[in-house]
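The values are calculated or read from the model by the stated rules, or taken from the named source; none is laboratory data. None of these values were measured; they are calculated from a predicted model. Cβ sites come from the backbone with ideal geometry, for glycine too, and all protein chains shown count toward neighbours. What goes into the accessible areas is simple: the full protein's heavy atoms, side chains included, and nothing from ligands, DNA or RNA. Shrake-Rupley method; radii C 1.70, N 1.55, O 1.52, S 1.80 Å.
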Amino acid sequence: DCTPLHRHRILNQSSSLPNRPITCNKLFILKTLPPLTSSLPTPPPITLLRSLPRPHCFPESLCPTLPIPETTSTMAPLPAFVPGGLALAARTTSATLQSRSTSRPNLRIVPRAVRPARLSVSMQATSADSEMYRLLNLPVPSSVVLAEYVWLDGFYKLRSKSRTVDPNITDPANLPSWNYDGSSTNQAPGEDSEVILKPRVIYKDPFRGGDHILVLCDTYTPDGVPLPTNTRASCDKVMDNAKSLAPWFGLEQEYFLINPETGRPLGFPVDSEPAPQGPYYCGIGAENAFGREIADAAWRAQLYAGLRVGGINAEVAPGQWEFQVGPCVGIEEGDMMWMARYILERVAEIAGLIVNYEPKPVKGDWNGSGCHSNFSTKGMREDGGYEKEIIPAMERLRFKHMEHINAYGEGNDQRLTGKHETAPITEFRWGVGDRGASCRVGTGIVKEGKGYFEDRRPAGNCDPYVVTKLLVKTGCNVNED
């Protein structure tokens, strides 16, 4: 077998053996590699996304010299990370790539063995003489920056559109409001379709790089009334009323990466089932980890944007991953979670994959996707907070269990069955160190007498504005008005 380390050594040796052909079992047969010389073009400046860890073992300096592989197998999508932004994916066959190589000999393609039901991602820059590469890297006048306005539509899905704005604006209140056709987003009738976007938070744009920005917005009628789908407005009121409590949140977003060609998660064979869950959680190796490049690229992009993403890990099913947003104070949690989802979906878009947050997208003996929500207040974090604040909060949550369930995501009844680390949807119970409870308190919290608790009921497709608002309203007796 050709291990990544083996391949790496082979390619490193090639510079000293320029006339020696390289062959390797279970790897594309490569033609003779020309020797490395100082005449190779110097790459342009590299932004954060271009500097992502390379998922392949090929050294950076060898990429311009790799030939097109002689194979008839279908190539997986090959998205390209380019300086200043992310280029379009090359979704094609190797035969097409061979024909392109005649007219575009500098096209940089790194082949990778393709496993069934898994898409392979190459994070190579496109050729320096590629027209698309050139256009994506044209300098933008210093008098403007590109702003991507992001909002929630009537289906609670994310949308965005772009405009140029003044580069000196750092306060979202000074950014211009904008409008769009709400009849195309299930938010307004055709005869009165204008919806107003109001900028709320500015983040750095990891896709365009430079000084360009992502702008999180919420939605209003032309008269300034929040739309029914604008859950941020009511959440902001509750958080403002709870400022003295200093509410902290940390949400754990689980999701599946779906292959659109099969409609199944990465790692799931087309006509059969993978091995039962067990080796996949935090697993490594080609037989256990599916989509690591996407999860890691999204994480770096989220951090670059300024989001507080604490970490990522593979979850219990093939193609299932998790990232954690927090700790965040008040409205920040909902803002950052929605923007983190936006960035993840944009990265998956480049790879030709679909992000699925549904609570039970894979039926059978598999865990679903949740959004476990960790919550504390100043009182809970102080000495004695466990008995004085956390236990009373548990009892208040018990009393309003079904109100929370009805707001914690669609299809959650398929996930909260009493199996797969969940409590039945019809009952509320809390416990210490119990991952089968509705709410869990860590054993360390009880020992220290202070800390936080985890609400394990929210589904992966929940609205973080709604979840955090309800935790504060119920857990702390805070009113919205």
Return the residues of segment 189-199 that are in contact with an Asp or Glu (Cβ under 7 Å, 6 or more places away or on another chain) and either of a type in the set (A, V, I, L, M, F, W, C) or crowded, with 19+ Cβ neighbours inside 10 Å (or both); say none if nothing qualifies. Lys198
Could you look through segment 383-395, keep only residues that are loosely packed, with under 14 Cβ neighbours inside 10 Å and touching a residue at least 12 places away in the same chain (Cβ under 8 Å), and pick out the one that is farthest from Lys450 (Cα to Cα)? Glu387
Taking segment 122-150, which residues are at pLDDT below 95 and open to solvent by less than 40 Å² (accessible area, probe 1.4 Å)? Ser122, Met123, Gln124, Ala125, Thr126, Ser127, Ser130, Tyr133
When you check Gly433 against the structure, is it open to solvent by 20 Å² or more (accessible area, probe 1.4 Å) and at positive phi, yes or no? yes
Go through the residues of segment 153-176 one by one and say whether even a single one is out of contact with any Cys (no Cβ under 6 Å at 6 or more places or on another chain), modelled with pLDDT under 90 and assigned to a loop (DSSP other than H, G, I, E, B). no
Let me spell it out: the conditions are (1) hydrophobic (A, V, I, L, M, F, W, C); (2) under 25 Å from Ala298 (Cα atoms); (3) open to solvent by 40 Å² or more (accessible area, probe 1.4 Å), and Trp178 meets all of them except one. Which number is the exception? (2)
Can you find a residue in segment 441-451 that is under 28 Å from Asp218 (Cα atoms) and part of a loop (DSSP other than H, G, I, E, B)? no
Restrict the check to segment 412-421 and report whether at least one residue is closer than 24 Å to Lys473 by Cβ and surrounded by fewer than 19 Cβ atoms within 10 Å (Cβ to Cβ). yes
Being within 26 Å of Gly334 (Cβ to Cβ), open to solvent by less than 70 Å² (accessible area, probe 1.4 Å), acidic (Asp, Glu) and over 19 Å from the mean Cα position of the chain (by Cα): is that true of Asp153 here? no
Complete set of residues in segment 253-279 that are surrounded by 17 or more Cβ atoms within 10 Å (Cβ to Cβ) and in contact with a strand residue (DSSP E or B) (Cβ under 6 Å, 6 or more places away or on another chain): Gln253, Glu254, Tyr255, Phe256, Ile258, Pro265, Leu266
Checking Asn186 against (1) surrounded by 14 or more Cβ atoms within 10 Å (Cβ to Cβ); (2) touching a residue at least 24 places away in the same chain (Cβ under 8 Å); (3) not in a strand (DSSP E or B): exactly one of these is not met. Which one? (1)
Scan segment 305-331 for residues that are surrounded by fewer than 19 Cβ atoms within 10 Å (Cβ to Cβ) and either among the small types (Gly, Ala, Ser) or outside any strand (DSSP E or B) (or both) and jot them down. Gly306, Arg308, Gly310, Gly311
When segment 256-310 is examined, which residues are found to be at positive phi and without any contact (Cβ under 8 Å) to a residue 60 or more places away in the chain? Gly263, Gly278, Cys282, Gly285
Scanning segment 400-410 for residues that are without any contact (Cβ under 8 Å) to a residue 60 or more places away in the chain and part of a helix (DSSP H, G or I), the one most open to solvent (accessible area, probe 1.4 Å) turns out to be Asn406
Being in a loop (DSSP other than H, G, I, E, B) and closer than 9 Å to Gly319 by Cα is the filter; apply it to segment 258-279 and report the residue that is farthest from the chain's Cα centre (by Cα). Phe268
Kindly provide the set of residues from segment 211-232 that are under 24 Å from the mean Cα position of the chain (by Cα) and crowded, with 16+ Cβ neighbours inside 10 Å, ordered by number. His212, Ile213, Leu214, Val215, Leu216, Cys217, Asp218, Thr219, Thr229, Asn230, Thr231, Arg232
Of the residues in segment 353-380 that are modelled with pLDDT under 95 and charged (D, E, K, R), the one that is surrounded by the fewest Cβ atoms within 10 Å (Cβ to Cβ) is Lys363
Sort out which residues of segment 455-479 are charged (D, E, K, R) and either within 22 Å of the chain's Cα centre (by Cα) or at pLDDT below 95 (or both), and write them in order of number. Asp455, Arg456, Arg457, Asp463
